[in-house]
Amino acid sequence: MPRPPYVATPPPPRRRSLLQRVGRGRLLAALLALTVALLVTDLAGGVTSSRVRAGGAAVFGPLQRLVGPDPRAELSRVTAERDALAQRDRTDHQALAEAKESARLLESPALTGARLVPARVVAVGAVGAAGPERVTIDVGTRDGVRRDLSVVTADGLVGRVVSVAPWTSDVLVIGARDLTVGVRVGDDGRLGAVSGAGAPGAAPRSAGQLNLTLVQQGALRPGDRITTLGSVDNRPFVPGVPVGTVLAVDGDQGRLAPSGAVRPAVDTGALHVVGVLLSGPRTTPRVSVTTGQP
Amino acid sequence: MISVRSLVRLALILVAALGTVTLGARGFAPLPDLALLVVVAAALTAGPLGGASLGLLAGWIIDLMPPGGVLLGSSALMYAAAGALAGLGRREGSVPGIWFALVCAASSLVLEAFRVFLGLSSRAPIDWSASALRVLATVLTGAVLVPLLVAGEHWLTRRRIS
């Protein structure tokens, strides 16, 4: 069997280009240094990196929308497909699952009264060691989406919007290293924080698990339900959205506050239809229950 | 002036990066790292310096294409290192087909090692099976795709000379 021809024969240079004048090695070194500088800026939370990301989203976002399906048309299509498939007694598992997911999302009791924009996940970013950390959804500023809004499914919290372009938004999903969510745990609502990064001194978590740390001493039991604590003006997180359940409790190991492993309510590796909460579930002002007079 | 070969490489990287994020959103897993395969093919023709340069470019496209990398610039550095390593695999004359798979495996392992390091540095859980499957998918796809891409590189080189 003949071997493929594999002879590297660079052609003779015709004219001195910028690369040849500056020197390819020096140019590469300069670009690497610039990359490291931007990486450090991003680590420090600088504004420059946000602008660079926004520029990238403005350039590549329309391309991704072009490749991805239109959300409303797609939603109607899968809903119609669901009815047609039900009538014909055929099974298209993916379309049915998406249609059911949309219906469950709209009927979710935790989201009653909330303004919600349905969206589809059109891109999954470079995966970390634990799985996807950022996803792109096909709604943006033109759909009323802004930074720091909650993104949910019918099962619970997906993450928060961290970057918005006219037609797409990037979502930092729960379990990402940079995302910590204030939560209430169990029926008595103990306060804590859930994150993807492990607590100092705690046992390493298995893939797909989150880390929970209570803010003060208290009992933590496997099976305790965890919901979001909520943020000021409901940004980035609205209260009462399921985050997960306590899977296991760590030993004391000299720490003041207990910690444990959490099974997330949402499988971030299999996201299809999500919703962006433009407002929290409560939209009416809370009235005073006392007159303020003795 | 930008050569046709550079434009073709850029277009291939764009298509590979766009394909990877779009297929990932549709639940395809494990996905081969298509952008890395383009970088490996170019590096096998251009050597370590060219491989690192193209890796840097590919990494930046991956970092900037929504949703992008968690740490801006981290993919650029990782792909530059993988491209430089693949460039070291450049050989004069004909090589057996297994050589392409070996270079793909080495570059893919370097990328995955960086990802695991970043995960461990933040004490995040590591999905070892997913990492292994990603490397395997990249190597198997590379064993088929990289020889074709290298042949394309040579065709463009011959066209330029003639």
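Readers should treat all values here as calculations from the given coordinates under stated rules, not as data from a laboratory. None of these values were measured; they are calculated from a predicted model. Backbone-built Cβ (ideal geometry, glycine too); neighbour counts: all protein chains shown.
List every DSSP H helix in chain B whose Cα atoms extend 30 Å or more along the helix's own long axis and whose mean Kyte-Doolittle hydropathy is at least -0.5. Helices meeting the criterion: B:4-25, B:97-121, B:128-161. The mean count of C-beta atoms from other chains within 10 Å of the C-beta of residues in B:25-31, rounded to a whole number, is 6. For peptide A:174-183, the mean count of partner chain Cβ atoms within 10 Å of a residue's Cβ comes to 2. For the peptides A:147-160, A:260-273, residues were scored by their other Cβ atoms within 10 Å and the scores averaged per peptide; the highest-first order is A:147-160, A:260-273. Take each residue in B:123-135, count the other chain C-beta atoms within 10 Å of its C-beta, and the mean is 6.
Fully extending the segment from residue B:92 to residue B:26, taken as 0.36 nm per residue of separation minus the present Cα-Cα distance, adds 19.7 nm.
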